[in-house]
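Worksheet: the structure to be examined is printed underneath.
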Amino acid sequence: MRFPTTIAGSLPKPDWLADPEKLWPSWHLAGDALRAAQDDATRVALFEQQRAGIDIVTDGEQSRRHFVHGFAGSLDGVDTSKIARRGIRGDRYEADCPTIVGPVRRTRAVHADEMRFARDATARRLKITIPGPMTIVDTLNDAHYGSRAKAAFAFAHAIRYEIEELVALGVEVVQIDEPAFNVYFDEVEAWGIAALDAALAGAACETVVHVCYGYGVPANNAWKHALGDEWNQYAHLFPLLAQSAVDAVSFELAGSHVPERVLGALGDKNAVVGVIDVATDRIETPEDVAATIEAARRYLPDERISCSTNCGMAPMRRDVAYAKLRALGAGAAIARGSERPRV
Ligand code: ZN
């Protein structure tokens, strides 16, 4: 089937589970009750994706507080009680970040419980999202390695073993989230691609790297506004990603100032095109989505194109996020020339 659909990863959490519309929400429950509520929220996330016609689904990241800290905080060597504020993504905004206090080691599975649950709850193709090595080190304080590259390869090692275990549980697509790649081009070239490839080494599944301009939060929106009429980040990044071992690149296009011609710089990588803008509550029409897919078709053959949201939808309103999911499914159906999915 042409133009399969997926989402970048996260969906809003229900307000009975966590504080809504926040990037670092507090859980409203604890212990077994929290685990059960996360599973229920995962059911809702899967249901909404399926009824919108999304082909490759995620658990909506309903079991993690934050897309980086949920993974990194479960590893040995990362102290989640030692929080310090730091500027992240080139000092675009400040965040309270845990600290690397010793050698990073994965001593237990991080996302196996929720993936086991999700695998059992859907027959669709299942994707897991895992933060990439560079984005992890850019979202932690380092009191041990003294080198971003050294720390990144330690995390890459942990990611590799996590992927192996999740694929054995039936996860079919692994997406490494590297928004930091869109900021630190020199580091991407020097060690970022090598760290990404180390994380994906031996992965017996489809692999994707997600590079974006971030969640639709005020700091990111202000940054984007300052980037001018033509955003050149991908023109630096795509030729570097083309040299990596990853199968596909997930990126932002809808509602952006990304020049469409940059799609020609992806080399032989497949494209997971962002056709839903997460920086606005305006709901795309299915025709808007189909038009963005048409733009990608001018540069890539159909068999290399799939469609997604520009970024995660964790901080959005639930009704807006679900409506955008339906626009995504319906727009891809138009581009295929097939009937809209029944919703
Ligand atoms: Zn993103």
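Just so it is clear, none of the values below were taken in a lab; they were calculated from the coordinates. What you are looking at is a predicted structure, and each value in this text was computed from that prediction instead of being measured. As a convention, Cβ positions derive from the backbone with ideal geometry for all residues, glycine included, and neighbour counts pool all protein chains shown.
Tell me the Kirkwood radius of segment 1-71: reciprocal of the mean inverse pair distance over distinct alpha-carbon atoms, in Å. Don't skip to the answer; put the middle values down first.
Details: mean 1/r = 0.0785 Å⁻¹.
So the Kirkwood estimate lands at 12.7 Å.
I want the local charge near Ala254. Using Cβ-Cβ distances under 9 Å, sum +1 for each Lys or Arg and -1 for each Asp or Glu among the other residues.
On the way: positive: none; negative: Glu252, Asp277, Glu284, Asp288.
Here the count lands on -4.
Kindly identify segment 108-158 as rounded, prolate or oblate by the Cα gyration tensor criterion: order the square roots of the eigenvalues as a ≥ b ≥ c, call it rounded if a/c is under 1.5, otherwise compare a/b with b/c, prolate if a/b is larger, else oblate. Display every interim value, and only then the final one.
Values: a/c = 3.68, a/b = 2.90, b/c = 1.27.
Cα axes put segment 108-158 in the prolate bin.
Is the C-alpha gyration tensor of segment 168-219 telling us rounded, prolate or oblate? Criteria: a/c under 1.5 is rounded; beyond that, a/b larger than b/c is prolate, otherwise oblate.
Numbers: a/c = 4.06, a/b = 1.37, b/c = 2.95.
Oblate, since a/c reaches 1.5 and b/c is not below a/b.
At 222 nm, what value in deg cm²/dmol follows for the chain if DSSP H runs of at least 4 each add -39500 (n - 2.57) and the sum is divided by all its residues, to the nearest 500? Write out the running numbers ahead of the final one.
On the way: 10 runs with 118 residues, N = 343.
When only DSSP H runs of four or more count, the value is -10500 deg cm²/dmol.
Assuming a ≥ b ≥ c are the square roots of the Cα gyration tensor eigenvalues, decide whether segment 117-263 counts as rounded (a/c under 1.5), prolate (otherwise, with a/b larger than b/c) or oblate.
Oblate shape, in that a/c is at least 1.5 and b/c is the bigger or equal ratio.
Summing Lys, Arg as +1 and Asp, Glu as -1, what charge do residues with Cβ under 15 Å from the Cβ of Asp32 carry, Asp32 excluded? Let's see the in-between values first.
Numbers: positive: Arg35; negative: Asp39, Asp40, Asp113, Glu114.
Once positives and negatives cancel, what remains is -3.
Using only Cα atoms, what is the ratio of the radius of gyration of the chain to 2.2 N^0.38 Å? Write out the running numbers ahead of the final one.
Details: Rg = 18.5 Å, N = 343, 2.2 N^0.38 = 20.2 Å.
Expressed relative to 2.2 N^0.38 Å, the Cα Rg reads 0.92.
Just need the relative contact order of the chain here, percent rounded to a whole number, with Cα pairs under 8 Å and 6+ apart.
Numbers: 735 pairs, mean separation 72.3, N = 343.
RCO, the chain: 21 percent.
To the nearest 20 debye, what is the magnitude of the charge dipole of segment 31-336 about its Cα centre, counting +1 on the Cβ of each Lys and Arg and -1 on the Cβ of each Asp and Glu?
Details: 33 positive and 43 negative charges, 72 e Å.
The calculation lands at about 340 debye.
For segment 71-192, count all C-alpha to C-alpha pairs, find those more than 19 Å apart, and express that count as a whole percent of the total.
Working: 3657 of 7381 pairs.
The calculated P(r) of segment 71-192 puts 50 percent of pairs beyond 19 Å.
Kindly write out, for segment 152-165 in residue order, the coupling ³J(HN,Hα) from the Karplus curve 6.51 cos²θ - 1.76 cosθ + 1.60 (θ = phi - 60°), rounded to whole Hz, with x marking Gly and Pro.
4, 5, 5, 5, 4, 4, 5, 4, 4, 6, 5, 4, 4, 6
Report the net charge of residues surrounding Phe117, where surrounding means a beta-carbon distance below 11 angstrom and charges are Lys +1, Arg +1, Asp -1, Glu -1. Before the final figure, lay out the partial values.
Working: positive: Arg35, Arg43, Arg116, Arg119; negative: Asp39, Asp40, Asp59, Asp113, Glu114, Asp120.
Around Phe117, the surrounding residues sum to -2.
Among Leu237, Leu34, Leu328, which one moves the most in a GNM of the chain with springs linking Cα atoms closer than 10 Å?
Taking springs between Cα atoms under 10 Å, the residue moving most is Leu34.
Taking the highest mean first, how do the peptides 307-319, 111-123 order by number of other beta carbon atoms within 10 angstrom per residue? It would help to have the intermediate numbers written out before the result.
Working: 307-319: 24.0, 111-123: 18.0.
In decreasing order of mean packing, 307-319, 111-123 become 307-319, 111-123.
Which peptide among 11-23, 166-178 comes first, and what is the full order, when sorted by highest mean count of other Cβ atoms within 10 Å? Provide the component values of the computation, followed by the final result.
Values: 11-23: 18.2, 166-178: 21.5.
Those peptides, ordered most packed to least, come out 166-178, 11-23.
From the backbone phi of segment 100-111, what are the Karplus-calculated ³J(HN,Hα) couplings (6.51 cos²θ - 1.76 cosθ + 1.60, θ = phi - 60°) in whole Hz, Gly and Pro given as x?
With coefficients 6.51, -1.76 and 1.60, one gets 7, 10, x, x, 7, 9, 8, 9, 7, 5, 9, 10 Hz.
In the P(r) worked out for segment 246-324, what percent of Cα pairs fall beyond 16 Å? Don't jump to the answer; show the numbers that get you there.
Numbers: 1443 of 3081 pairs.
The answer is 47 percent, as a whole percent.
By per-residue mean of other Cβ atoms within 10 Å, what is the highest-first order of 269-275, 198-204? List each step's numbers first, then the result.
Numbers: 269-275: 24.6, 198-204: 17.7.
Ranking, from highest mean packing down: 269-275, 198-204.
Putting +1 on Lys and Arg Cβ atoms and -1 on Asp and Glu Cβ atoms, find which of Leu227, Ala248, Gln49 reaches farthest to the positive end of the dipole of segment 31-336.
Checking the options against the dipole of segment 31-336, the answer is Gln49.
Can you tally the lysine pairs in the chain where the Cα-Cα distance is under 29 Å and the two residues are eight or more apart, or on different chains?
Total qualifying Lys-Lys pairs in the chain comes to 18.
Can you list the HN-Hα couplings for segment 283-297, worked out from phi with the Karplus curve (6.51, -1.76, 1.60; θ = phi - 60°), rounded to whole Hz and with x for Gly and Pro?
Going residue by residue, I get 8, 4, 7, x, 5, 4, 4, 4, 5, 5, 5, 4, 4, 5, 5 Hz, with x marking Gly and Pro.
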